[in-house]
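The values are calculated or read from the model by the stated rules, or taken from the named source; none is laboratory data. Keep in mind the model is a prediction, meaning the values are calculated, not measured. Note that we place each Cβ from the backbone using ideal geometry, even for glycine, and neighbour counts take in every protein chain shown. Keep in mind that these areas ignore ligands, DNA and RNA; they rest on the heavy atoms of the full protein, side chains included. Shrake-Rupley method; radii C 1.70, N 1.55, O 1.52, S 1.80 Å.
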Amino acid sequence: MRRLIILGIALLLALLPALNLTGLGISDFVVTVVGKWLCYAILALSIDLAWGYAGILSLGHGAFFALGGYAMGMHLMRLIGPRGSYGHPVLPDFMVFLGYQELPWFWWGFQSFPFAMLMALLIPGALAFLVGYLAFRSRITGVYLSILTQALTYALMLAFFRNDMGLGGNNGFTDFKELLGLPLNTPLARALLFWASLAALCGCLWLGTSIARSKLGRVLVGVRDGEARLRFLGYDTLQHKLFVFVLSAMMAGIAGALYVPQVGIINPSEFSPGNSLEAVVWVAFGGRGTLVGAVLGAFTVNALKTWLTSVAPDVWLFVLGAVFVAVTLLLPRGLIGLLEKRR
Amino acid sequence: MSGRALYVDGVSVVFDGFRALNNLSFIIEPGELRAVIGPNGAGKTTMMDVITGKTKPTAGIVKFGDVDLTRLDEPRIATLGIGRKFQKPTVFDALTVFENLELALKAVRGPIACWKWKLAAEQRDRIEAVLREIGLSERGQDLAGLLSHGQRQWLEIGMLLMQEPELLLVDEPVAGMTDQETEHTAALLARIAGQRSVVVVEHDLEFVRALNCKVTVMCEGSVLSEGSIDHVQNDARVIEVYLGR
Ligand SMILES: Nc1ncnc2c1ncn2[C@@H]1O[C@H](COP(=O)(O)OP(=O)(O)OP(=O)(O)O)[C@@H](O)[C@H]1O
Ligand SMILES: [Mg+2]
C-alpha cells in the first residue's frame with residue numbers, strides 16, 4: 001500500500017517536466033523549484049538515515065552536500081572551455097583573473113563526467129570516514145558530535161572563501177554552459193536533471209528502506225538506544241556507525257551534485273551552518289526515523305518557504321521557527337506521525 | 001563440550017585512589033555454576049566489568065582459557081563466548097521481544113553482513129524455543145518496552161542464551177522479582193548451567209541456596225570466603241561483615 005502511494009506520487013512528479021516540455025501549463029520556474037526540492041529531499045533522507053536510525057545527529061550534513069556540489073561544479077567549469085570571458089582554452093575565468101599559469105593538480109580529471117561523479121561520492125564519503133572514525137573511536141556522541149559536525153561545515157566555509165584554495169573563492173562557480181553535451185538553459189536539460197534527481201531520490205529511498213528493514217536497521221536502532229549494551233552482544237558499533245555515516249554523506253554528495261546544475265551556481269555560502277540546521281528541521285518536521293517523513297518534511301517546509309518568501313519575505317524565518325517549536329511540542333513524531341494516527 | 005576455564009588472578013581496579021577490586025583471585029571451571037555474594041559496594045559488578053572488557057584492571061591477570069581478556073574490547077570478548085546480564089535490565093525498548101532475541105542470536109555482526117542477512121528457518125525455531133523457555137511465547141511481537149520488570153529480566157536471560165556463550169555472567173537476576181518469578185529463574189539458571197559456566201551475583205540467599213552450588217563471598221574488593229553455602233554461612237568473618245547485620 002505504502003509502496004503504491006510512493007510510486008504514484010513519484011509518477012505524478014515525473015509528469016511535471018513532461019507537461020512543461022509539451023507546453024501544457026507547467027512553467028520553467030516550477031520545474032526548477034521542484035527539481036531543487038528533490039535534491040533537498042535526498043539530503044533530508046541522508047540525515048534521517050544517520051539521525052533517525054543510528055542517533056547520529058549531524059549538524060554539518062550541508063558540508064557533504066556542498067562538496068558533492070563543488071565536484072559537479074568543477075566538472076561544469078571544465079566544460080566551459082574557451083567559452084569563458086577570457087577565452088582561455090583550459091583555465092576557468094577566475095584562474096586567469098588570479099594569474100594561474102596552469103591547472104592545479106586537484107582539478108585534473110574533472111573534465112570527465114564519470115570521474116567528477118565518482119568524486120561527488122568519494123570526497124564526501126572520505127571526509128565522513130575520517131571525521132566519523134576519529135569521533136566514534138573517541139566515543140564522541142550526542143551533543144558533542146553535533147557541535148563537531150557544525151564546526152566542520154563552518155571551517156570548510158571559511159576555507160572555501162579563500163581565493164588561494166583554487167576553488168573560486170567567495171564567488172564560487174557559475175556561468176555553466178552545458179552538461180553531457182546538452183546546453184543547460186533548455187527545457188530538455190531541466191527536464192532530464194529533474195528526472196535524474198527524482199530517480200536518485202527513489203534510489204536512495206529504496207536503499208534506505210532496505211537498510212531499515214534489515215537486521216542492520218535494528219542494529220542501528222540499538223546503537224541509538226543502547227550502544228554500550230550492543231557492544232556486550234558482540235557488535236563492534238564503530239563499524240556500523242561509520243558505515244551509515246559514510247553512506248549518508250555520499251547520499252548528501254549526490255544530492256549536491258544534482259542540485260548545482262539546476263540552480264546554476266555553487267559558492268561557499270552553501271557550507272553555512274544555517275543550511276545544515278535547516279535540513280535537520282525538515283527531518284524533524286516530517287518525522288524522524290521513518291525516511292518517508294524526511295522526504296515529506298523537505299517538501300512541505302520548502303514549499304512553505306518558497307510561498308512565504310514571495311508573499312511575506314520578512315517573516316519567513318519567524319514562521320520557520322514557530323513551525324519548528326510547534327512540531328516539537330505538538331507532534332513529536334512529525335507530520336508522518338499525524339498521518340499515521342489518522343489512518 | 002570443550003569448555004574453557006576463567007582465571008582471575010590478583011586483579012585490582014583503582015578508581016581515583018579508591019580500590020574497587022583488591023587483589024581478587026578465583027577460578028571458574030568449565031561448566032561450573034558459581035554464586036557470588038557480598039555486601040553493597042563489594043565490587044561484584046566491577047568484577048564483571050573487568051571480565052567483559054568494560055573496565056581495564058589496574059593490575060592482575062584475567063584469562064579465558066589461554067586468551068588474555070585484558071587486551072580485548074567488549075565486542076571481541078562477547079564474540080569469544082562470554083555473555084553478560086546487567087544488574088539493571090537493559091533491553092531495546094523500541095524493538096520487539098523477537099527482534100531483541102534476534103539481535104543477540106549468534107550470527108553475523110558486521111554492518112554489510114547484517115544488511116544482507118536473512119533469518120533461517122532453524123534460527124527462527126531457536127528463537128521460538130528460547131521464547132518458550134523464558135515464558136514469553138505470547139509476547140514475541142510486542143515491543144520490549146511494554147514488558148514488566150520480571151519479564152525484562154527474563155528477556156535479558158533469553159538474549160544471553162541466544163548468544164550461546166560458554167560463560168555467562170548474571171548480575172542480580174531476581175532483584176525485584178516475586179517469589180514465583182524467583183523460583184522460575186532459579187530453575188532456568190540451573191538448566192543453563194552444566195552446558196556452560198555460569199556466574200551469578202545475587203543478594204537473595206534463599207535464591208543462592210536454591211542454586212545449590214559453590215559460593216564465593218566478596219568483600220571490599222577481594223574474596224572473603226569460598227565454599228558451600230553452609231560453609232560460608234558458618235564462616236565467622238562472613239557473619240561479621242555480611243550475614244550478621
Ligand atoms: N566507574 C566508577 N568510578 C568510581 N567508582 C566506581 C566506579 N564503578 C564502581 N565504583 C565503586 O566501586 C565500588 C564497587 O562497586 P560495584 O558496583 O562493583 O559493587 P557491587 O558489589 O556490585 O555492589 P551492589 O551490590 O550494590 O551492586 C563501589 O563503591 C562503587 O561506588
Ligand atoms: Mg552490583
**Prompt:** Mind checking whether some residue in the stretch A:1-15 is closer than 26 Å to A:GLY256 by Cβ, touching a Lys or Arg at 6+ places or on another chain (Cβ under 7 Å) and of a type outside the set (S, T, N, Q)?
**Reply:** no
**Message:** Quick check on B:SER197: is it surrounded by fewer than 19 Cβ atoms within 10 Å (Cβ to Cβ) and hydroxyl-bearing (Ser, Thr, Tyr)?
**Reply:** no
**Item:** Given (1) at pLDDT below 90; (2) farther than 30 Å from A:VAL246 by Cα; (3) within 13 Å of chain A (Cβ to nearest Cβ), index of the condition B:ASN40 fails
**Value:** (3)
**Request:** With the condition kept exactly as written, say whether any residue in the stretch B:172-181 is surrounded by 15 or more Cβ atoms within 10 Å (Cβ to Cβ), in contact with a Leu (Cβ under 9 Å, 6 or more places away or on another chain) and under 26 Å from B:GLY31 (Cα atoms).
**Result:** yes
**Request:** Have a look at B:LEU95, B:LEU101, B:LEU69 and point out the one that is buried (at least 17 other Cβ atoms within 10 Å of the Cβ) and either farther than 19 Å from B:LEU161 by Cα or within 16 Å of ligand 2 (Cβ to nearest atom) (or both).
**Result:** B:LEU69
**Item:** helices (runs of 4 or more DSSP H) contained in the stretch B:140-245 and holding at least 3 residues within 16 Å of ligand 1 (Cβ to nearest atom)
**Value:** B:205-211
**Complete:** Of the residues in the stretch B:114-129, those that are part of a helix (DSSP H, G or I) and within 14 Å of chain A (Cβ to nearest Cβ) number 6
**Prompt:** Out of the residues in the stretch B:72-89 that are within 16 Å of ligand 1 (Cβ to nearest atom) and not in a strand (DSSP E or B), which is most open to solvent (accessible area, probe 1.4 Å)?
**Reply:** B:LYS88
**Request:** State which residue is surrounded by the fewest Cβ atoms within 10 Å (Cβ to Cβ) when the search covers only the stretch A:203-253 and only residues that are of a type in the set (Asp, Glu) and under 12 Å from A:GLY55 (Cα atoms).
**Result:** A:ASP225
**Request:** Confirm whether B:PRO75 is touching a residue at least 24 places away in the same chain (Cβ under 8 Å), farther than 21 Å from B:ARG152 by Cα, touching a Phe, Trp or Tyr at 6+ places or on another chain (Cβ under 8 Å) and more than 16 Å from ligand 2 (Cβ to nearest atom).
**Result:** yes
**Elements of type helices (runs of 4 or more DSSP H) in the stretch A:44-155, at least 2 residues being touching a strand residue (DSSP E or B) at 6+ places or on another chain (Cβ under 6 Å) and open to solvent by less than 10 Å² (accessible area, probe 1.4 Å)** = A:61-80
**Asked** Hey, among B:ARG84, B:ARG109, which residue is of a type in the set (Lys, Arg) and farther than 18 Å from B:LEU168 by Cα?
**Response** B:ARG109
**Prompt:** What is the one condition in (1) more than 12 Å from chain A (Cβ to nearest Cβ); (2) within 16 Å of ligand 2 (Cβ to nearest atom); (3) closer than 25 Å to A:SER138 by Cβ; (4) not in a strand (DSSP E or B) that B:LYS56 does not satisfy?
**Reply:** (2)
**Request:** Could you please find all residues in the stretch A:209-267 being assigned to a loop (DSSP other than H, G, I, E, B) and farther than 25 Å from B:ILE82 by Cβ?
**Result:** A:SER214, A:GLY264, A:ASN267
**Candidate set: the stretch A:178-233, residues that are basic (Lys, Arg) and free of Cβ contacts under 8 Å to residues at least 40 places away in the same chain; chosen: the one farthest from the other protein chains (Cβ to nearest Cβ)** = A:ARG213
